[in-house]
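Below you'll find the structure, written out as structure tokens, and then a few comments.
The values are calculated or read from the model by the stated rules, or taken from the named source; none is laboratory data. The shown structure was predicted, so the numbers you read here are calculated from the model rather than taken from an experiment. All Cβ positions, glycine included, derive from the backbone under ideal geometry; neighbour counts span all protein chains shown.
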Amino acid sequence: MTTIVNATGAVRTSLVSIIKRQMIDTIIESNVEPSNFDDVLSALRKANFGEPAIAALAAEVAQAAQEEIGAGQAK
């Protein structure tokens, strides 16, 4: 995760956290299996999160997962 050095970045990070929480709640409330990425995307689209928001967060999550996989292999 990037270190935030200004107020604008801090606000953005806060909003991203809120949106992620809403997305998680949507997935849970929709009874979607989180391991089925197509169903996850479908549920988020139905909840009208919008493709740009979904794509941006999906890319961020994929990057975080890649970093964790790399850290696990380095052990």
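Listed by first and then second residue, the pairs linking a residue in segment 32-49 that is surrounded by 11 or more Cβ atoms within 10 Å (Cβ to Cβ) to a residue that is of a type in the set (D, E) and not in a loop (DSSP other than H, G, I, E, B), with Cβ atoms under 6 Å apart and 6 or more places separating them unless they lie on different chains, are V32/D39. Evaluated against (1) modelled with pLDDT under 85; (2) in a helix (DSSP H, G or I); (3) among the β-branched types (V, I, T); (4) surrounded by 10 or more Cβ atoms within 10 Å (Cβ to Cβ), T8 falls short on exactly one condition, (4).
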